[in-house]
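J.: Below you'll find the structure I mean.
Please treat every number below as a calculation from the coordinates, not as lab data. Please read these numbers as outputs of a predicted model, since none were measured by experiment. Cβ coordinates were reconstructed from backbone atoms using ideal geometry, including for glycine residues, and neighbour counts include every protein chain displayed.
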Amino acid sequence: MPKKKNDVISAENEPVFIGKIIEEELRRQERSVTWFSRKIHCDRRNVYDIFSRAYIDTGLLYKICIVLDTDFFSVYSKSLQLPDNQSNTPPRV
């Protein structure tokens with residue numbers, strides 16, 4: 001996972017920057033931004049905004065998971081399963 005200054009959640013000691021992770025998956029699947037924008041029913045400019053986000057609405061993230069057939073929620077879930085999180089404390093924000 002990429003490291004960014006504004007990262008907010010740590011999973012496996014690596015920061016989570018959800019927009020960048022979504023962008024990387026879109027590129028890995030060799031899909032275009034135009035294709036993606038049509039699938040999630042938004043303007044192309046909004047897609048670039050999504051790529052720059054550290055946070056994302058869960059409803060939108062769910063839609064993106066369906067479109068890209070990828071569980072992006074698991075990125076966050078992994079941070080809850082770390083051995084050093086035995087006390088079930090929430091991740092640092």
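J.: Ranking request for peptides 29-38, 59-68: highest mean number of other beta-carbon atoms within 10 Å first, then the rest in descending order. Walk me through the numbers on the way to the answer.
T.: Values: 29-38: 13.6, 59-68: 15.3.
Packing proxy ranking, top to bottom: 59-68, 29-38.
J.: Determine the sum of side-chain charges near Lys63: Lys and Arg each +1, Asp and Glu each -1, restricted to other residues whose C-beta is under 10 angstrom from that of Lys63. Mind showing how you got there, number by number?
T.: Values: positive: Lys39; negative: Asp57.
My count for the surroundings of Lys63 gives 0.
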